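Report on the structure given below.
The values are calculated or read from the model by the stated rules, or taken from the named source; none is laboratory data. For clarity, every value in this text was computed on a predicted model and none was experimentally measured. Cβ: placed from backbone, ideal geometry, glycine included. Neighbour counts: every protein chain shown. All accessible areas refer to the heavy atoms of the entire protein, side chains included, with ligands and DNA or RNA removed. Shrake-Rupley method; radii C 1.70, N 1.55, O 1.52, S 1.80 Å.
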Amino acid sequence: MIQTNMSKLVVIAFAVALLSECTQAQEVTGQLNGLVEITATNTSEQKSWLRQGWGVTRFDADSDVLGVSRAVLSGRMDFSSAWSAHAVAQYVPEPDHKLGFTEAYIQYQPLAQGYQFSARIGGFYPRMSLENPAIGWSSPYTLHYSGLNAWLAEEIRTFGAEFELKRAARRFRSKHDVSFVGALFKGNDPAGTLIAWRGFIPHDRQSVFNERVAFARVKSLYARQLRFQGQYVEPFSEIDGRFGYYVGVHWSYLKRHSLRAYWYDNNGDPGALNYTTKQYAWDSKFWSLAWRSKVSSQTQFIAQALYGNTAMGPRRGVNNDFYSWYAMLSHTFSDYRVSGRVEQSKVMDKDTWTFDPNASLTNGVTLNVSKTISEAWQVGAEFQFIDYEAQSRPVAYLPLGLSEQVWRISAQYQF
């Protein structure tokens, strides 16, 4: 953990030092935005995975029925026409009133007449999602993210540098915007842990830097082969010293149709283990394809699919293929927005360790209605149905499947 923290501090310190050299005598401007979300929700009788239970919802019997479910503070400082600093901090109440950063980076984006070059250095989300464009990587469509993007919010973050070369349509009198994106990073080695020992679950909780995320006490982790793995994941740890990378393409047509295609590879050494933190490096790689179309001036269709593999252990004792997809339709009229989403996620166990079953299947349906009261206030209601199966449940003397229904009523204040 100390090495991980130090590597992140070195990256940030280097970026700040470079920025200070490039912005001498420049006028500094800034802006601060925030969001507070209050929700009333039904709670599950199943203990949440956040408290090492087998439930598949955020809120269980130990959660407040009414309270602040999330608070976000997003800040930006512009040091010059090219250099800026960005940070996002979030608070969530469960399981232990967590407060921390979800993003913090320096951005370089000089003015350009033709092709536009930009770079980000620090900690941030890869821009794979078209579902989460709002403040603090939240969704304007539903309270709960799809299981696909909920997993990205839990286990995927870039700690390194990202570069983009953009061909803007307006500068070339074209109907097409095209961008090429690439990044090098460290500090995302355990990504894949939750896929193997919990699976994909739709929710709206984001992991903060240096957080430890729990999951159920899986029986197989008491076996000799997995005895060094903790019953939790520290998703942003550096373990094997290797660099990971991703590359992507963004394309849009007349701002009506958008496509984002990514290949992600954390280049993890599955045999690497930190005995102190009880975390393995996972070799995780996947394709992500996201699409958004404006069906009309009031209606949008958004879809995304993920397919990949994750493995850990000196001989890839845990080896899983996985996929996740969702499709969503969102319609606005007057001050209302109505959104509906269907989704499915599956983990396919490929290894020979029969004592450690990892296969799981998640199906979900989400319906949301929201109303804008003013520039600052928005209220809404959401229903979510989750049907979940995991082969690890019978090993723990539980039924193979579990179905949950979640109702939430929300009030959001933005500033």
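Using a 1.4 angstrom probe on the protein heavy atoms only, line up Tyr245, Tyr105 by accessible area, largest first.
Numbers: Tyr245 85, Tyr105 35 Å².
Per-residue accessible area, sorted high to low, gives Tyr245, Tyr105.
So which trypsin sites (Lys or Arg not before Pro) in the stretch 100-200 pass both tests, a DSSP loop state and at most 11 other Cβ atoms within 10 Å of the Cβ?
Values: sites: Arg120, Arg127, Arg157, Lys166, Arg167, Arg170, Arg171, Arg173, Lys175, Lys186, Arg198; in loops: Arg127, Arg157, Arg173, Lys175, Arg198.
Taking the stretch 100-200 and a limit of 11 other Cβ atoms within 10 Å, the loop trypsin sites (Lys or Arg not before Pro) found are Arg173, Lys175.
Using +1 at the C-beta of Lys and Arg and -1 at the C-beta of Asp and Glu, which of Gly192, Leu273, Tyr307 has the Cα lying farthest in the positive direction of the dipole of the chain?
Tyr307
Tell me the net charge near Ser63. Cut-off is 11 Å between Cβ atoms, Ser63 excluded, with +1 for each Lys or Arg and -1 for each Asp or Glu.
On the way: positive: Lys47, Arg51, Arg58; negative: Asp60, Asp62, Asp64, Glu94.
Around Ser63, the surrounding residues sum to -1.
Leaving ligands and nucleic acids out of the surface, order His86, His144 by accessible area at 1.4 Å, largest first. Could you put the intermediate results ahead of the total?
On the way: His86 30, His144 10 Å².
Result, largest first: His86, His144.
Over the chain, with a Gaussian network built from C-alpha contacts below 10 Å, which listed residue (Tyr91, Tyr336, Tyr264) shows the highest mean-square fluctuation?
Between Tyr91, Tyr336, Tyr264, it is Tyr336 that shows the largest mean-square fluctuation.
What dipole magnitude, in Debye to the nearest 20, does the chain give about its Cα centre under +1 on Lys/Arg Cβ and -1 on Asp/Glu Cβ? Walk me through the numbers on the way to the answer.
Values: 41 positive and 37 negative charges, 185 e Å.
Computed charge dipole of the chain: roughly 900 debye.
Using alpha-carbon positions, what is the distance between the centroids of the stretch 157-189 and the stretch 363-410, in Å?
Spelled out, the Cα-based centre of one part sits 33 Å from the other.
Give the cross-link partners of Lys294 among the lysines, using a straight C-alpha distance below 26 Å as the criterion and excluding same-chain residues fewer than 8 apart.
The qualifying lysines are Lys166, Lys175, Lys255, Lys371.
Heavy-atom accessible area per residue, the chain, 1.4 Å probe: how many Å²?
Numbers: 18280 Å² over 415 residues.
Solvent-accessible surface per residue comes out at 44 Å².
Measure off 7 Å from each Cα along the Cα-to-Cβ vector at Glu375 and Tyr413, then give the distance between these two points in nanometres to one decimal.
1.7
Counting alpha carbon pairs within less than 8 Å and at least 6 residues apart, what relative contact order, in whole percent, applies to the chain? Let's see the in-between values first.
Details: 1130 pairs, mean separation 55.6, N = 415.
Once normalised by length, the contact order is 13 percent.
Restricting attention to the stretch 143-199, which chymotrypsin sites (Phe, Trp or Tyr not before Pro) occupy a DSSP loop and are surrounded by at most 16 other Cβ atoms within 10 Å? Don't skip to the answer; put the middle values down first.
Values: sites: Tyr145, Trp151, Phe159, Phe163, Phe172, Phe180, Phe185, Trp197; in loops: Tyr145, Phe172.
Qualifying residues, ordered by number: Phe172.
How far apart, in nm, are two points set 7 Å out from the Cα along the Cα-to-Cβ line at Ala396 and at Ala169?
4.8
Return the loop-located GluC sites (Glu not before Pro) in the stretch 353-405 (DSSP other than H, G, I, E, B) with at most 13 other Cβ atoms within 10 Å of their own Cβ; answer none if there are none. Show your work: numbers first, answer last.
Details: sites: Glu375, Glu382, Glu389, Glu404; in loops: Glu375.
Taking the stretch 353-405 and a limit of 13 other Cβ atoms within 10 Å, the loop GluC sites (Glu not before Pro) found are Glu375.
Rounded to the nearest percent, how much of the accessible area of the stretch 198-293 (1.4 Å probe, protein heavy atoms only) is carbon and sulfur? Provide the component values of the computation, followed by the final result.
Working: 2100 of 3810 Å².
After summing per-atom areas, the C and S share lands at 55 percent.
Hey, got the dipole for the stretch 316-393? About the Cα centre, +1 on K and R Cβ, -1 on D and E Cβ, debye to the nearest 20? Mind showing how you got there, number by number?
Working: 7 positive and 10 negative charges, 17 e Å.
Using Cβ point charges on Lys, Arg, Asp and Glu, the stretch 316-393 gives about 80 debye.
Where Lys and Arg each count +1 and Asp and Glu each count -1, what net charge lies around Gly340 among other residues with Cβ under 14 Å from its Cβ?
On the way: positive: Arg337, Arg341; negative: Glu131, Glu343, Glu382.
Taking every Cβ under 14 Å from that of Gly340, the sum is -1.
Within the stretch 273-294, name every residue whose backbone N is under 15 Å away from a label modeled 7 Å from Cα of His257 along the Cβ vector.
290-294
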